Structures are given as structure tokens and as C-alpha cells.
Amino acid sequence: MATTLVLDASSGAPLHEQLYQSLRTAMVTGRLPSGTRLPATRALAEQLDLSRNTVMTAYTRLLAEGYLVGRHGSGTYVADELPERALSARRVQAPPSARRANPPSLSRRGAALAALPPPFPSDLGVPGSVMAFRLGVPALDAFPHELWDRLLHQRWRRSWRDVLSQREPRGFLPLREALANYLATSRGVRCGPEQVLIVNGTQQAMSLVAQVLLDPGDAAWVEDPGYPPARSVLLAAGASLVPVPVDAEGLDVEAASRLRPDARLAVVTPSSQQPLGVHMSLRRRRALLEWAGRTNAWVFEDDYDSEFRYVGRPLAALQGLTPDARVIYSGTFGKVLSPSLRLGYLVVPEELIEVFVKAKTLADVRSPSLEQAVLTDFINQGHFSRHLRRMRVLYAERQALLVEEARRELRGLLEVGPAETGMHLVGWLPPGVDDRTASERAAAAGVVAHPLSVYRLQTLGRGGLLLGYAAVPGPECSEGVRRLRQALG
């Protein structure tokens, strides 16, 4: 048998690891068939000129993993069933008579889900490597990956056992404490760490709110134009959507009150309206809070990218305007750091803590622990604040470049002006030009430019294209604008 085993004394791999791999390969490939009796450890050690401990280490691992079986008084044999066979299910083709002839039977909720349009606007087949002009994507080229890698390894070495055993559905307590401090200082949010709930991004936050606060048929105010995924979550929960027009002051509370004063929920983006980028005036904010208090309704405040404000001081969150505000506040790290991080947070009033924790527990028990721990270190060591400061400068530069390039290259085709906040701009098409057609032509030219009409439910208006700039370096921005000119010209 020794001739079937390949060991290399000059290799950096330990000899017991090489012996294990050689034996395992011989068994999996059939060179050592099932039922073959292996030499005793002492005999194989002599054949291969190895120490007996080296052979025993390899045998012990193979026994533990099920490749070998020991028979008392007889020896060690190759197992009849190798682990690979137990882990690989045999594909069985169902006979034609057994195949389902009818469509699947769905619940009413399942049928409603199946009928929903895609929650996220399509990128129309543009390759994922193209950043111009994707929405909601931060500057991945400026992500502090080396720092993040160092923090990750430090956290794992320091407290891997605590990370693996973390079971709190509300989230890692040190992270919730860090967030409560950050939100109080930077956003004027009134909360303690017990009110912070770590979630898997804004979509889960919205889903938990709909589950806890809405019954099927309940009315919910939504901004029009507004964020399509939020509308999809509400529709999936059986809510009745009430599209409310948005103007220069944000959601029109008076119009909403005339439409459905009995609504149970209002979903708003007051700091940077999605997609128009306007901020809700103080007058409208107070009117919205007054309505919620008077009717026992709730407000869901999606504060998705308020960190990126380029003119004046940051606007305080709606949640912090009054001590008893009936507001559930939501934020995300997907827009600030990376969409793949999938960590966000909810701040809920004290009387709702218990029910939201139960809803989160039923949804997925808890969010990933290691990412929470690393993010805690990132915040507490000051890296988060420094990263935000750098991104504000970078995004302001990238926005200015996009505006400059558009004014030079897209005159008469697309009107692009600066914005005080956010990560994208609205490019206004000439009157009468269909923005869906323009978006398709842009995609054919290799540029992502979502049509504004996708964000509208009822309101009519001039067509536009949404241009994300945060993830677009200078040369790619210039190239993207050039392609837009070709597509729209």
C-alpha cells in the first residue's frame, strides 16, 4: 500500500497532514476500496520511514471523520460508506405521472407576494462591475479594507468564544451602546441602548414595522415619488397604500390628512427624500408628529443617508423633536460602508421594545455576531467618524464633477444640478421625453440610470433619470456622462 501514498519531505505541510490527505484521496478515488484492511500503525510507519505518532495522528483523524472503522481484535478497515456518499444526495428523476400538473397552491399572502413587481428597480443588464451611475452604492474604492481586516482579526483572536456564543436578539450590547451615543450626538435621537435593535438592513426594519404595527387593510401613507422596496414590504403585509405628493417641503401632510386621516402608519425619508433629495420642513415635521399623536398612528423615519450633507449643519432627526414622538427610527450601514454588510438598526419607543424583540427573534433570531463586534470597534476607536468625514469630502467632489460634466456634455439633453445632501442626483429630461425609454437607451450604452417614473405611483410630472455618484471615480464619471450623451442625443 505504501506505493500508493505520496509524501514530500520538502513540503511545508506537516507529514501527518500529507499522510491524511494521501490516504483520504486513495479511498475516495477507489485505490483503497471499501473493506480494505490497513497496516498497523507501527508497520506503516516502518514502511514509510515515519514516526509512529505521525501515522497514529493521520489514522485518528480518518477514524473521527468516518473514512476508517476499527474492528476490535481485527484491525483498521476502509469504511463501507465514505463520508462523501453520505453528503451527496443521489438525484432521482421523478416519473412523468408524479410531476405537478397544476400550479402551486399559495396562501392569500403568498399569492399577493407573487403578484408584486420586483421590489428593487432593475439595472437592465448592465454588468455589475460598472458603477456609473448605480444608486445606493457607497465608494467601495475608498472602503478601509485593510483597517477592517485588522479589526476583524483582532476581534476574533481576542474574543472568538464570546462572538460565537452571542445570543441576544436585540444585538451586541456594546454596539447598541455605541449607536445610542452616536445617534444622540450626530442626529439628535432620544434613546438608550435598550431601545436600539440591530437588524439586517432597512428592508428587515420595514418588514418588522409592518408586521408589528399594521393589520391587513390598514392604510399607510407613502411618499410619491417614493422608495419602491418600502412600498413592496407594505403591500406584502396587506397594507393599503396612500400615495402622498412630495414637494419642496417634503411629504404634504395636509394632502395626506385629506386623503386618509385614519392611516395607521406614515413612511417618510425626511432628511433626504428618496428619490428627490429634498428635506422635510420644520412646519411639515411638526404637523406629521401632531397627526401621529392625535390619531395614535406611527411614523417610520427612514434616515438612510443623512450622514452625507454638504451644506450647513446636519438636520436633527424627526424622532428627537419631541420626547413622546410616535416615531420608529431606522438607519443603515449599507449606504455608509458597504451594501454587503447587511447591518442596520431600529430605535423603537420603550413601550414597543418587547414586541419588536419578539418579532426579530421569530424572523431570524439575531443578526451576524462577528460583523457587529467588528463594527463596534470601528465606531468606538473613532474610525467611523473619520470615515464619514472623508466620505463627505469625497462625495462632494464627485457630485461637483458629475454636475460639471453634465453641464458641459448634456446641455439640452439632461438638466443636472447640485444637491445639498445624499448620494445621487436627479437629472431632468426635456418635457415630453419618456424616462423609461431614456433609461433603456442608457443601459444599452452601458450606464445605469433609473427612471424617476418607477418611483411614482400616481403623481405626474417631468421625466427624469437618477444618477448615483458616490461609487463613481472621476474617470468613470466622465466616461459615463459621455455614454449618456450618446444614448440621449
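Laboratory data are not the source of any read-out in this text; all were calculated from the coordinates shown. All figures in this text were calculated on a predicted structure; none of them were measured in a lab. All Cβ positions, glycine included, derive from the backbone under ideal geometry; neighbour counts span all protein chains shown.
GluC sites (Glu not before Pro), restricted to region 13-90: which are DSSP loop and have at most 11 other Cβ atoms within 10 Å? Numbers along the way, then the final one.
On the way: sites: GLU17, GLU46, GLU65, GLU81, GLU84; in loops: GLU81.
Sites meeting the loop and neighbour criteria: GLU81.
Go ahead and estimate [θ] at 222 nm for the chain from helices alone: -39,500 (n - 2.57) per DSSP H run with n ≥ 4, summed, over the residue count, rounded to 500. Kindly include the intermediate steps, with their values, before the conclusion.
On the way: 16 runs with 202 residues, N = 489.
So the helix-based figure for the chain works out to -13000 deg cm²/dmol.
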Quick shape summary for region 386-488, equivalent ellipsoid via Cα gyration tensor, semi-axes whole Å in descending order, reads 23, 16, 12
Tell me the Kirkwood hydrodynamic radius of region 228-326 in angstroms, computed as one over the mean inverse distance between distinct C-alpha pairs. 14.0
Rounded to the nearest 0.05, what FRET efficiency is calculated for TRP160 and SER105 with R0 set to 41 Å and r the Cβ-Cβ distance? 0.35
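How fast does region 356-408 diffuse by Stokes-Einstein, in µm²/s, taking the Kirkwood radius from C-alpha pairs at 37 °C and 0.692 mPa s?
Values: Rh = 14.4 Å.
In µm²/s, the coefficient is 228.
Kindly put GLU405, GLU354, GLU177, GLU307 in sequence by how many other C-beta atoms sit within 10 Å of each C-beta, fewest to most.
Sorted ascending by nearby Cβ count, the order is GLU354, GLU177, GLU405, GLU307.
Normalised by the empirical 2.2 N^0.38 Å for globular proteins, what value does the Cα Rg of region 272-341 take? Let's see the in-between values first.
On the way: Rg = 13.3 Å, N = 70, 2.2 N^0.38 = 11.1 Å.
Here the Cα radius of gyration is 1.20 times the empirical estimate.
Which of the trypsin sites (Lys or Arg not before Pro) found in region 130-232 are loop residues per DSSP with 12 or fewer other Cβ atoms within 10 Å of their Cβ?
ARG167
Taking only C-alpha pairs under 8 Å that are 6+ residues apart, what is the relative contact order of the chain in percent?
Numbers: 818 pairs, mean separation 86.5, N = 489.
About 18 percent, as a whole number.
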Rounded to 0.05, the calculated FRET efficiency for the beta carbons of ASN181 and THR322 at R₀ = 22 Å is 0.55
Can you list residues whose amide H is under 5 Å from LEU265's amide H, if they're 5+ apart or on another chain and H is modeled 1.01 Å from N? TRP221, TRP298
Separation of region 301-360 and region 200-270 by C-alpha centroid, Å? 16
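Determine how many Å³ per residue the convex hull of the Cα atoms of region 2-87 encloses.
It is 95 Å³ per residue.
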Principal axes first, then extents: for the Cα atoms of region 116-189, list largest minus smallest coordinate on each axis, whole Å, largest first. 44, 32, 29
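Where does region 143-383 land on Rg(C-alpha)/(2.2 N^0.38 Å)?
Working: Rg = 17.9 Å, N = 241, 2.2 N^0.38 = 17.7 Å.
That ratio works out to 1.01.
Rounded to the nearest 0.05, what FRET efficiency do VAL311 and ALA114 give with R0 = 41 Å and r taken as the Cβ-Cβ distance? Could you check? If you can, show how the numbers build up before the last one.
On the way: r = 44 Å, r/R0 = 1.08.
Rounded to the nearest 0.05, the efficiency is 0.40.
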Considering the zone a paramagnetic label at GLU194 would reach in this model (a point 7 Å from Cα along the Cα-to-Cβ line), which residues of region 314-353 have amide N under 12 Å from it? 350-353
Extension gain from THR36 to HIS72, taking 0.36 nm per residue of separation minus the Cα-Cα distance: 11.4 nm
Rounded to whole Å and sorted largest first, list the principal axis extents of the Cα atoms in the chain. 89, 62, 55
Proximal charge balance of ALA287 [Cβ under 14 Å; K/R count +1, D/E count -1]: +2
Degrees between helix 383-409 axis and first principal axis of the chain (Cα, 0 to 90, nearest 10): 60
